[in-house]
Amino acid sequence: MNDIFQIGGKALTSRLFIGTGKYNRNTLIPEVIAASGAEVITVALRRVNPEWGEENILQHIPGSMTLLPNTSGARTAEEAIRIARLAKAADMGNWIKLEVIKDQRYLLPDNIETIRATEVLAAEGFVVLPYMTPDLGAALRLRDAGAAAVMPLGSPIGSNRGLRTKELVGIMIEEVDLPVIVDAGIGRPSEAAEAMEMGAAAVLLNTAIATARDPLGMAAAFRNAVTAGRLAYLSGLGPVQQEAAASSPLTGFLSQ
Amino acid sequence: MSFYDRLLELERFPFRERFPEYTDLDIQRILTKPKMNEDDLLALLSPAAGRHLEAIAQKAQQVTRSQFGQVMQLFTPIYVSDYCVNHCEYCSFSYIYDFPRKKLDMDEVEKEAIAIAGTGIRHILLLTGESPKDSPVSYMKECVQVLRKHFSSIGIEVNPLSVQEYHELGEAGVDSLTLFQEVYHQETYRKLHIKGPKRNFRARLDAPERGCAAGYRSVTIGALLGLHDWRQEAFITALHANYLQSKYPDCEISLSIPRFRPFLGDYHPDSDVTDSALVQVILAYRLFLPRAGITLSTREPAHLRDRLIHLGVTKMSAGVSTAVGGHVSDGGTPQFEISDGRSVSEIREMLYQNGLQPVFKDWDILV
């Protein structure tokens, strides 16, 4: 299948983005990358500790990966902008996963601050991938602000509750002329497949793999699910019927 | 509105009668719930819950791992001054004790900082005794200027300050505040805090809220378990945390679980906090506040800490000396006796062996 995902000047063959948090050892990360087939990996800048051995997360990520530093911990547009600039200064490239979260209880993103930060960072040349609460109006404003994609949540971060926001994400896929990447909440491979079947451009997930009993097995399961969901979307799903439709009860008389 | 209003209401609450009323069935029912309310918290701290610790622990562990992952944040306190104008019944820094007091100058702060940073620690907690003359805000600020060269997150555990003062320290690089009420039971508080500004219960109670209002990223509160009935104190501490979490959603609220330790004097607490009680408190905190950090200090012995890390704890101190300047010399008088004297690298190794990743750095100073 020749299905390339063009984003931020890169041509990706994998539509599964993964994370680096929550693992019990950083040494697992290269194996998870291999098993998942992912080409993009997000890293919280707050955790990047360049001068420290095994705990330096960057030394476990192969150079072929596209780094997606994130602004985890930012509570305002200003903090997110500062973190993004620190990431660039730390030689982590110009992609940034923008996270602006004022709510520590549910970790829900603040769309208004996110739009403000996107305007500034896109103008500075960052490839901005904003994490957001699914909302069509906000997504269009993010597009106008220069975002390279929009990343609505499926359900709260780390909740593994799946695609609870399906209706809203579906509308965004229909209406926003940017890639829609479902980020957060995906707990099962079937949910990742569901997002891809709907037409999501990619999915980003971490907890479901990092906290699985066998992270490598789960990484492979998600790899297959994302591929299957994408293939189903490209192949055109058949219409869904409520009941079997073998006959024509209303118009059958016409051919009698 | 302050948490004080709620506290006054709680003073009329019949804790003594209510705790024994919960049954095994109540606990089993609560464990099927996805979210806990205040009544569930009370039940989780009841004697009935004490009979179901394993089942509660299973759930608490699951919540902790899904919320925080398989990681443990490490930090180290730095004691810079033990001058204190307070007389508290349970503390070695009380002014009534006659020992050579010490306050580090900035060269000494830097030497301590280098010694601590050399262990890999990036989160530092600055501690002073309460003495506006010896360790005023200007002194704390000077310390912060030195510390920020060596650490990526700076917390303070000092006497209660005003919003303006917290803000000033925030501008210098402080991002988090730790402040324990010690005891929420007002009568006990008055009895134990004999002299000094710390006698002002209300000024202390509202201080964590002032830290939130000053824009701190993280605020940690706690009761010193053992000073009064631990079930009641834990209940009120959790409600205080919940109050702060709801009112300041952008601040990460954490709970600490200090348990009374032997010290210079001969005060003996009136509520015996057994290991089971400590575990019950941790589990209740975790289930009532799934997103709250839970901090474990070296007051607890190594063998117990190695077990508690699986039950809800998200941050622990390592490589600790509670004496001023204790990382470069060992001359000072410790504030309390620590029980887990292992080095940072020993704690790091222990965590890996227990399937947890030590996190040394989880912030960058943004100011």
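The values are calculated or read from the model by the stated rules, or taken from the named source; none is laboratory data. Note that the coordinates shown come from a computational prediction; the quantities given were computed from them, not determined experimentally. Glycine gets a Cβ as well: all are built from the backbone with ideal geometry, and neighbour counts include every protein chain shown.
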All but one of (1) at the interface with chain B (Cβ under 9 Å from one of its Cβ atoms); (2) surrounded by fewer than 23 Cβ atoms within 10 Å (Cβ to Cβ); (3) under 29 Å from A:ASP110 (Cβ atoms) hold for A:ALA74; which doesn't? (2)
Does B:ALA214 meet the test of being surrounded by fewer than 23 Cβ atoms within 10 Å (Cβ to Cβ) and touching a Gly at 6+ places or on another chain (Cβ under 9 Å)? yes
Identify all residues within the range B:210-243 that are in contact with a Pro (Cβ under 6 Å, 6 or more places away or on another chain) and within 14 Å of chain A (Cβ to nearest Cβ); write none if there are none. B:VAL219
Test A:ALA145 against the stated conditions and say whether it is in contact with a Pro (Cβ under 7 Å, 6 or more places away or on another chain) and of a type in the set (Gly, Ala, Ser). no
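Of everything in the range B:328-345 that's at pLDDT below 85 and in contact with a helix residue (DSSP H, G or I) (Cβ under 8 Å, 6 or more places away or on another chain), which residue is surrounded by the fewest Cβ atoms within 10 Å (Cβ to Cβ)?
Ranking the qualifying residues of the range B:328-345, first place goes to B:VAL328.
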Among (1) more than 14 Å from chain B (Cβ to nearest Cβ); (2) within 24 Å of A:ALA212 (Cβ to Cβ); (3) among the β-branched types (Val, Ile, Thr), there is one condition A:ILE29 misses while meeting the rest; what is its number? (1)
Which one is farthest from the other protein chains (Cβ to nearest Cβ), of the residues in the range B:51-97 that are in a loop (DSSP other than H, G, I, E, B) and of a type in the set (A, V, I, L, M)? B:ILE96
Hey, A:ARG161 touching a residue at least 12 places away in the same chain (Cβ under 8 Å), within 14 Å of chain B (Cβ to nearest Cβ) and among the charged types (D, E, K, R) or not: yes
Quick one: is A:THR20 touching a residue at least 12 places away in the same chain (Cβ under 8 Å), in contact with a Leu (Cβ under 9 Å, 6 or more places away or on another chain) and under 26 Å from A:GLU79 (Cα atoms)? no
Please report, ordered by residue number, the helices (runs of 4 or more DSSP H) entirely within the range A:139-249 with at least 2 residues that are closer than 25 Å to B:ARG65 by Cα, in contact with a helix residue (DSSP H, G or I) (Cβ under 7 Å, 6 or more places away or on another chain) and not small (Gly, Ala, Ser). A:207-210, A:215-235
Residues that are closer than 25 Å to B:ALA241 by Cα and in contact (Cβ under 8 Å) with a residue 40 or more places away in the chain: list the helices (runs of 4 or more DSSP H) wholly contained in the range B:257-367 that include at least 1 such residues. B:275-288
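Yes/no per residue for (1) closer than 30 Å to B:ALA234 by Cα; (2) in contact with a Ser or Thr (Cβ under 6 Å, 6 or more places away or on another chain):
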site	(1), (2)
B:GLU108	no, no
B:ALA115	no, no
B:LEU126	yes, no
B:GLU130	yes, no
B:LEU147	no, no
B:PHE151	no, no
B:GLY155	yes, yes
B:LEU161	yes, no
B:TYR166	yes, no
Unmet requirement for B:TYR95, which otherwise passes all of (1) under 25 Å from B:HIS150 (Cβ atoms); (2) modelled with pLDDT under 95: (1)
Could you tell me which numbered condition B:LEU304 fails, if it satisfies all but one of (1) among the hydrophobic types (A, V, I, L, M, F, W, C); (2) away from chain A (no Cβ under 12 Å); (3) buried (at least 20 other Cβ atoms within 10 Å of the Cβ)? (3)
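Name the residues in the range A:8-56 that are polar (S, T, N, Q) and either exposed (fewer than 14 other Cβ atoms within 10 Å of the Cβ) or in a helix (DSSP H, G or I) (or both), would you?
A:THR13, A:ASN26, A:THR27, A:SER36
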Confirm whether B:ALA284 is over 20 Å from B:LEU351 (Cβ atoms) and surrounded by fewer than 23 Cβ atoms within 10 Å (Cβ to Cβ). no
Scan of the range A:59-70 for residues that are part of a helix (DSSP H, G or I) and either within 12 Å of chain B (Cβ to nearest Cβ) or touching an Asp or Glu at 6+ places or on another chain (Cβ under 9 Å) (or both), ordered by number: A:HIS60
Any chance the range A:89-102 includes a residue that's at pLDDT below 95, surrounded by fewer than 19 Cβ atoms within 10 Å (Cβ to Cβ), under 29 Å from B:TYR243 (Cβ atoms) and within 14 Å of another protein chain (Cβ to nearest Cβ)? yes
